[in-house]
Amino acid sequence: MSLFVVFEGGEGCGKSTQARVLWRRLLEQNMPVILTHEPGGTVLGNKVGRALKGKGESPISPEAELFLFAASRAQLVTEVIQPALQEGRIVICDRFSYSTLAYQGYGRGLNLPTIEMLNGLAAQDIEPNIVIFLDLLPEQGLARKPGLQDRFELEALSFHRRVREGYLKLSASDPDRWLVVDATLPEKKISEIIWGKVSQLVPSPCHRKGEPKH
Ligand code: TMP
């Protein structure tokens, strides 16, 4: 049984940490699970990700940014996500199409239906079973990431506020798919909330090596 779990959220919300915690927990239960992330997860995606996040000398236009994220996603879906789901694995992806709607759509102001169309093309219309959104005020998230900042972290607070508003709208429009978690809660509490939801969607623990099958 395949399952596609996506983590979303603004800067510093802790989604990468939580994605790893969930991945380890599923691995411990002998579940066939992979963890990947956007932008990246493939050789091409990693190159694109570096170009997008780096504080390059020449600015990237919002449209070019949109196409680059879509290119990274298209490669990741073809190379990693689609084959893993076809093999019946659980796929955990740190960011997916919703990041493009939130950042390039709500954040940069690009046309949402156009982004949805591109997202569908890049993702081959694959949609996650569950989207885990770690919600946090942007000022709190950015404060968790001092020091070297990437191109997105350096954006104005107003940009990050629009991104959060976007996520809130997206989650409200599809409450059956989205799990909204207060990212100010302690890390352990957050992982328990996530496990409470995801464990309902995965089959009962696979039998461990040496244990009898029931
Ligand atoms: P992260 O690896 O820290 O999550 O950084 C990825 C950055 O790229 C983050 O600031 C969000 C941004 N992003 C977009 O703007 N659009 C997208 O579609 C994706 C996947 C990420």
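(1) of a type outside the set (Gly, Ala, Ser); (2) assigned to a loop (DSSP other than H, G, I, E, B); (3) under 16 Å from the mean Cα position of the chain (by Cα); (4) farther than 30 Å from Glu28 by Cβ: which one isn't true of Ile126, the others all being true?
Checking Ile126 against (1) of a type outside the set (Gly, Ala, Ser); (2) assigned to a loop (DSSP other than H, G, I, E, B); (3) under 16 Å from the mean Cα position of the chain (by Cα); (4) farther than 30 Å from Glu28 by Cβ, the one that fails is (4).
Among the residues of the range 39-68, write down those that are touching a helix residue (DSSP H, G or I) at 6+ places or on another chain (Cβ under 6 Å) and not in a helix (DSSP H, G or I).
Pro39, Gly40, Gly41, Thr42
Can you report the number of residues in the range 47-70 which are aliphatic (A, V, I, L, M) and within 15 Å of Leu154 (Cβ to Cβ)?
If we filter the range 47-70 for residues that are aliphatic (A, V, I, L, M), which is where we start, we get 48, 51-52, 60, 64, 66, 68, 70.
When the remaining residues are screened for being within 15 Å of Leu154 (Cβ to Cβ), the result is 52, 60.
Total satisfying the criteria: 2.
Need pairs with beta-carbon distance below 9 Å; first residue over 22 Å from Val181 (Cβ atoms) and within 11 Å of the ligand (Cβ to nearest atom) and within the range 152-169, second of a type in the set (Lys, Arg) and in a loop (DSSP other than H, G, I, E, B); sequence gap 6+ or separate chains.
Close Cβ pairs (under 9 Å, with a partner that is of a type in the set (Lys, Arg) and in a loop (DSSP other than H, G, I, E, B)) amount to Leu154/Lys55; Phe159/Arg108.
Only one of (1) crowded, with 16+ Cβ neighbours inside 10 Å; (2) more than 16 Å from Val77 (Cβ to Cβ); (3) more than 11 Å from the ligand (Cβ to nearest atom) is not met by Thr17, so which one is it?
Looking at each condition in turn, Thr17 falls short on (1).
Just to verify a result, which residue in the range 95-109, among those that are within 11 Å of the ligand (Cβ to nearest atom) and more than 15 Å from the chain's Cα centre (by Cα), is farthest from Ala19 (Cα to Cα)?
As a first pass, look at the range 95-109 and keep what is within 11 Å of the ligand (Cβ to nearest atom): 95-108.
Next cut, more than 15 Å from the chain's Cα centre (by Cα) only: 105-108.
Details: Gly105: 24, Tyr106: 24, Gly107: 24, Arg108: 26 Å.
The selected residue is Arg108.
Given the condition modelled with pLDDT of 95 or more, surrounded by 21 or more Cβ atoms within 10 Å (Cβ to Cβ) and among the charged types (D, E, K, R), answer yes or no: does some residue in the range 122-144 qualify?
Taking every residue of the range 122-144 in turn, none turns out to be modelled with pLDDT of 95 or more, surrounded by 21 or more Cβ atoms within 10 Å (Cβ to Cβ) and among the charged types (D, E, K, R).
Mind telling me which of the residues Ile126, Ile115 ends up being touching a helix residue (DSSP H, G or I) at 6+ places or on another chain (Cβ under 8 Å), in contact (Cβ under 8 Å) with a residue 40 or more places away in the chain and more than 13 Å from the ligand (Cβ to nearest atom)? Write out each step before concluding.
Details: Ile115 fails: more than 13 Å from the ligand (Cβ to nearest atom).
Among Ile126, Ile115, only Ile126 is touching a helix residue (DSSP H, G or I) at 6+ places or on another chain (Cβ under 8 Å), in contact (Cβ under 8 Å) with a residue 40 or more places away in the chain and more than 13 Å from the ligand (Cβ to nearest atom).
The values are calculated or read from the model by the stated rules, or taken from the named source; none is laboratory data. None of these values were measured; they are calculated from a predicted model. Reconstructed Cβ throughout: ideal geometry from the backbone, glycine too, with neighbour counts over all protein chains shown.
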